[in-house]
Amino acid sequence: MKIVMLGAPGAGKGTQARMISEKYGIPQISTGDIFRANIRNQTELGQKAKSYMDQGLLVPDELTLDLVVDRLAQDDCSNGYILDGFPRTIPQAEALTFALKSQKTKIDYAIDVEVPDDNIVQRMSGRRACPGCGATYHIRYNPPVSDNICDECGTELIQREDDKAETVQKRLDVYHKKTQPLIEYYREQGCMYSVDGTRPMEDVFEDICKILK
Ligand code: ADP
Ligand code: ADP
Ligand code: ZN
């Protein structure tokens, strides 16, 4: 089962991808997490990616494509995967389709988590992330058991640099311009589905599970 999660920044792609990953036993591949790990480890890729991410801009396709294609070739991807945050541009989607075609396969489901821009800004200000394991929390909608500590691994949670209100608005603009056209792209491929992302996360997950049957 090969799944692409679509939706604005903060729509809940990562939250849902994590739940799908647990239920179906396939890896969640988040390009944002991969870039952030590279920044933490001070790799060359991380240094290049950081300046774009801090400004709320997309990392250029040249830096993103090979990374994903290599990741998909790893053993744990043989039964499928959930792509969370990739593709984000039409050229990325085309490159993915091309890479899969050469292995005689394709994306089975593209799932758009729909949330209006107004809700997004509110969500982002309350998002807290675990730099240790990638888990995501919300101070109001999904708080950790003990204040500011990850339930899964005990690491102290952080607020992402790019979750500040000004940067969020920039990321939303970029989303509408560069990423939203992917909905039409996957519709034409016949695998486009959407869910109402404003509902509580367990309800959104139920809707997704119905689609994945
Ligand atoms: P969000 O949780 O808002 O969807 P991500 O963690 O997926 O954010 O991505 C954070 C940042 O990393 C993006 O704003 C962008 O700069 C960069 N990024 C992540 N994935 C991609 C991609 N597929 N192409 C280009 N840039 C990306
Ligand atoms: P994305 O990966 O699309 O950027 P996240 O999964 O990180 O989004 O979610 C963004 C923020 O909103 C997080 O703080 C998360 O806990 C919270 N969140 C996710 N889904 C919901 C939901 N259905 N209702 C309320 N808050 C949610
Ligand atoms: Zn953690």
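Rule-based calculations on the coordinates, nothing more; no lab input. Not measured: the values here are computed from a predicted model. Every residue, glycine as well, gets a Cβ built from its backbone with ideal geometry; the counts of neighbours run over all protein chains shown.
So which of Val115, Val68, Val59 ends up being within 30 Å of Lys210 (Cα to Cα), touching a helix residue (DSSP H, G or I) at 6+ places or on another chain (Cβ under 7 Å), in contact (Cβ under 8 Å) with a residue 12 or more places away in the chain and not small (Gly, Ala, Ser)? So that I can check it myself, show each step before the final result.
On the way: Val115 fails: touching a helix residue (DSSP H, G or I) at 6+ places or on another chain (Cβ under 7 Å); Val59 fails: within 30 Å of Lys210 (Cα to Cα).
Of the residues listed, the single one that is within 30 Å of Lys210 (Cα to Cα), touching a helix residue (DSSP H, G or I) at 6+ places or on another chain (Cβ under 7 Å), in contact (Cβ under 8 Å) with a residue 12 or more places away in the chain and not small (Gly, Ala, Ser) is Val68.
Could you pull out every one of the strands (runs of 3 or more DSSP E) wholly within region 118-213 that has 3 or more residues that are more than 16 Å from ligand 3 (Cβ to nearest atom) and touching a Ser or Thr at 6+ places or on another chain (Cβ under 8 Å)? Outline the logic, then answer.
Details: elements: 127-129, 136-138, 192-196.
By residue number, no strands (runs of 3 or more DSSP E) qualify.
Restricting the search to region 113-129, which residues are more than 11 Å from ligand 2 (Cβ to nearest atom) and crowded, with 21+ Cβ neighbours inside 10 Å?
Listed by number, the list is empty, since nothing qualifies.
Examine region 89-100 for a residue that is among the small types (Gly, Ala, Ser) and not in a helix (DSSP H, G or I), and state whether such a residue exists.
Step one: list which residues in region 89-100 are among the small types (Gly, Ala, Ser), which gives 93, 95, 99.
Checking the rest, the ones that are also not in a helix (DSSP H, G or I) come to none.
Checked against the condition, which is being among the small types (Gly, Ala, Ser) and not in a helix (DSSP H, G or I), region 89-100 yields no hits at all.
So if I check each of Leu45, Leu72, Leu100, which one is within 12 Å of ligand 1 (Cβ to nearest atom) and either touching a His at 6+ places or on another chain (Cβ under 8 Å) or among the aliphatic types (A, V, I, L, M) (or both)?
On the way: Leu72 fails: within 12 Å of ligand 1 (Cβ to nearest atom); Leu100 fails: within 12 Å of ligand 1 (Cβ to nearest atom).
Of Leu45, Leu72, Leu100, the one residue that is within 12 Å of ligand 1 (Cβ to nearest atom) and either touching a His at 6+ places or on another chain (Cβ under 8 Å) or among the aliphatic types (A, V, I, L, M) (or both) is Leu45.
For region 156-213, give me each residue that is farther than 23 Å from Cys130 by Cα, in contact (Cβ under 8 Å) with a residue 12 or more places away in the chain and of a type in the set (Lys, Arg).
Lys170, Lys178
Identify, please: which residue in region 84-109 is of a type in the set (Gly, Ala, Ser), surrounded by 15 or more Cβ atoms within 10 Å (Cβ to Cβ) and more than 12 Å from the chain's Cα centre (by Cα) and is, among those, nearest to Lys13 (Cα to Cα)?
Step one: list which residues in region 84-109 are of a type in the set (Gly, Ala, Ser), which gives 85, 93, 95, 99, 102.
Retained after the next criterion (residues that are surrounded by 15 or more Cβ atoms within 10 Å (Cβ to Cβ)): 85, 93, 95, 99.
Now drop any that are not more than 12 Å from the chain's Cα centre (by Cα), which leaves 93, 95, 99.
Values: Ala93: 17, Ala95: 21, Ala99: 23 Å.
Selected residue: Ala93.
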